[in-house]
Structure formats: C-alpha cells, structure tokens
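Step one of this worksheet: look at the structure below.
The values are calculated or read from the model by the stated rules, or taken from the named source; none is laboratory data. All of these numbers come straight from a predicted model, not from anything done at the bench. So basically every Cβ, Gly included, is an ideal-geometry build from the backbone, and we count neighbours across all protein chains shown.
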Amino acid sequence: MATLRKMTEFGATIKGNIAYKEIEGYQFNFVENQIANQHIFMIPLVATQQNITVLKNELKGPSKSLKLSVTQSNASMVTFLWQGSLKGLNLQSLKEYTDGLVAVLQKLSIQPHTLCPFCEQGEPDTTVSINGITVKGHEACKQNAIQELANAPVEVKKNPFAKSLFGALLGAAIGAIPWILVDLFVGFFAAILGVLIGYSAFYFYKKLGGVVVNYTKYIIIGSTIFGVIFANIVIATYVIVNSGGAIVFGNYVVVYSDPEIGPILLQSLGIGLLISLFSLPTIFKKVQSEEDTRTVIE
C-alpha cells in the first residue's frame, strides 16, 4: 500500500502527515488520515461553484473509473477522496488517478490556483506551507506572515475544570451502558465494548464546555478507567440484587471473592481495561489535533 512513507518513490515531498507533489502545475497535497482510514488530498484550484458542480458530475459519470469524488471545496481549495480499496492503493494506481484527474481538470478548463495566499497577487516565487498544506506564494509575503505570527499575543485557553471533569466522568458512565446491557442480557464478552468509554468521555468533556488543554488526555485516561470500573460494579450490583442481597460493602466483598462469580467479574474488568486503554492512542490523536490550533507557516 502506498502510504506517505512510500510516496517519496512517487516524487512527493513529505512534511508531517502531508505529502506534496506538483503535477503539470497542479499542487497535490496528500493527507494521511489513519483515524478515518481514508486516502484524501487537496489541490488549490481556481473554481467557481458551477465548475465544482461540473467536476462532480464528470467524476460520477464519464470519469467514474478514477474512483474520485469531491468532498469539500471553497474559492481556492478543493478536497478529493479516492474511493478505491486502500489495499489496492500502490504507486501505479496513484499515478493513474492523479494523471487522470489532471486530464479531467484540463478538459474542464479548471486551472490551478497560483496567487499568493497572503497578497492575492500573481507571479509566485516560492512555495509556502500553511499548517502543512503547500501552496505557491511570495517569499517576502511569507516572511512577513511568519514575523506577524511571532509577534502575535499568545491566547491562553481557560478550561472550566470541574464542569469538564464532570462531563468526562458522565460520558464514561454513559459509554459503559452498552457494555452493561450486553453483559446482563446477552452474556458474551461484552467487555470489548469498553472501547466506547473513552470516546464517550471525550465527547461529553467537550459537550460540557471542556477546552482541549495539556492535561485533557489525563482526564480522559482517568475517566476511562472510572467508566470501566463503574460498569463492572454495576454488573456486580445486579448479581447482588438478583440474589436478594442488600447493596452494602460486605456483599461486594462476597461477590468478588466468590470462586465462580469473582473470576468472571475480574476477567471482565481486566479485558475492559485492556481494550479501553488500547483505544486511547487513537483518541489522543484527535485530542492533539484539537489542542494545537496555532497557524504554522514555513
């Protein structure tokens, strides 16, 4: 599979998670989106809404063999999605669809956008990377923009700690509900649903006003562990109540010490912790992408 690491063979220049290559004047920016498992790329184009509509129809009709679709567009940038199987994406298929797309753009008279992104004037003399996306521009404009960013005041984010922490804990508890229901009424290894807990914790963290700051990931870790333990205790509570017992600490000791029930609960707890924590790196990528919102110009 032609990942970004292999795209140097395609003649692309890699910066971070984006690979750049100019093909017949069109500037392709390939983005590695591991979370969504998609192959997307962006091209600066001079295209009206009518041009985009014609382009979409072309890619759905006469040129559908390219397996391309337009997912987003504005006055100067168009985002494409390759709809083929990622397992079949190799250097040959990359060349076929990029050359094919260039031919389509030329056929429809859609020209590459080559105006400087800062002054909107022509005759660019360099390439400019803005948050990893490479476009053409003026060296003087780029240096001015870099200096302005360096002199700009740093925005300090304030996070409503108590409210956002409550949101994360609430989200973890809600994310544990599918695990609890499946465990009680279906009975197979429901702990695999622990993967939902971290996602739910992060969602409700933000829903209740949480701002992504440097300690957000630690709140999500703690909330995820809380969610897993919460689910396990709820299941133990069901066992106690179903046996006619009172909800007191001593009965929990009895349940977790029981030679038949105890190992099942502890095994479920271990699997839930393992799976939910295993999913955290993917969540952290999303946290990191939202944490670093600064504009970077190179």
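Cβ-Cβ contacts under 8 Å between residues 6 or more apart (or on different chains), taken from a first residue in region 186-197 that is more than 10 Å from residue 275 (Cβ to Cβ) and crowded, with 21+ Cβ neighbours inside 10 Å to a second residue that is polar (S, T, N, Q) and at pLDDT 75 or above, are listed as 190/268.
Only residues that are in contact with a strand residue (DSSP E or B) (Cβ under 6 Å, 6 or more places away or on another chain) and surrounded by 13 or more Cβ atoms within 10 Å (Cβ to Cβ) were counted in region 72-82, giving 7.
Considering the conditions (1) in contact with a Ser or Thr (Cβ under 6 Å, 6 or more places away or on another chain); (2) at positive phi, residue 244 is excluded by exactly one of them, (1). Among the residues in region 114-136, are any in a loop (DSSP other than H, G, I, E, B), loosely packed, with under 12 Cβ neighbours inside 10 Å and among the polar types (S, T, N, Q)? Among the residues of region 114-136, at least one is in a loop (DSSP other than H, G, I, E, B), loosely packed, with under 12 Cβ neighbours inside 10 Å and among the polar types (S, T, N, Q), which makes the answer yes.
From the list 107, 158, the lone residue that is under 30 Å from residue 58 (Cβ atoms) and surrounded by fewer than 16 Cβ atoms within 10 Å (Cβ to Cβ) is 107.
Here is a check on your reading of the model: is residue 167 part of a helix (DSSP H, G or I) and either over 28 Å from the mean Cα position of the chain (by Cα) or buried (at least 17 other Cβ atoms within 10 Å of the Cβ) (or both)?
Values: part of a helix (DSSP H, G or I): yes; either over 28 Å from the mean Cα position of the chain (by Cα) or buried (at least 17 other Cβ atoms within 10 Å of the Cβ) (or both): yes.
Considered against the rule, which asks whether it is part of a helix (DSSP H, G or I) and either over 28 Å from the mean Cα position of the chain (by Cα) or buried (at least 17 other Cβ atoms within 10 Å of the Cβ) (or both), residue 167 comes out as yes.
Looking across region 199-250 at every residue that is outside any helix (DSSP H, G or I) and hydroxyl-bearing (Ser, Thr, Tyr), the one that is farthest from the chain's Cα centre (by Cα) is identified as 243.
Residues of region 76-125 that are hydrophobic (A, V, I, L, M, F, W, C) and over 27 Å from the mean Cα position of the chain (by Cα): 102, 103, 104, 105, 108, 110, 115, 116, 118, 119.
Within the bounds of region 94-101, is there any residue that is surrounded by 13 or more Cβ atoms within 10 Å (Cβ to Cβ), without any contact (Cβ under 8 Å) to a residue 40 or more places away in the chain and not in a helix (DSSP H, G or I)? No; the residues of region 94-101 include none that is surrounded by 13 or more Cβ atoms within 10 Å (Cβ to Cβ), without any contact (Cβ under 8 Å) to a residue 40 or more places away in the chain and not in a helix (DSSP H, G or I).
I'd like to know if region 266-276 contains one or more residues that are under 30 Å from residue 148 (Cβ atoms) and either at pLDDT below 90 or buried (at least 17 other Cβ atoms within 10 Å of the Cβ) (or both).
Of all residues in region 266-276, those under 30 Å from residue 148 (Cβ atoms) come to none.
Checked against the condition, which is being under 30 Å from residue 148 (Cβ atoms) and either at pLDDT below 90 or buried (at least 17 other Cβ atoms within 10 Å of the Cβ) (or both), region 266-276 yields no hits at all.
In region 53-70 there is at least one residue that is among the β-branched types (Val, Ile, Thr) and either more than 25 Å from residue 11 (Cβ to Cβ) or outside any strand (DSSP E or B) (or both).
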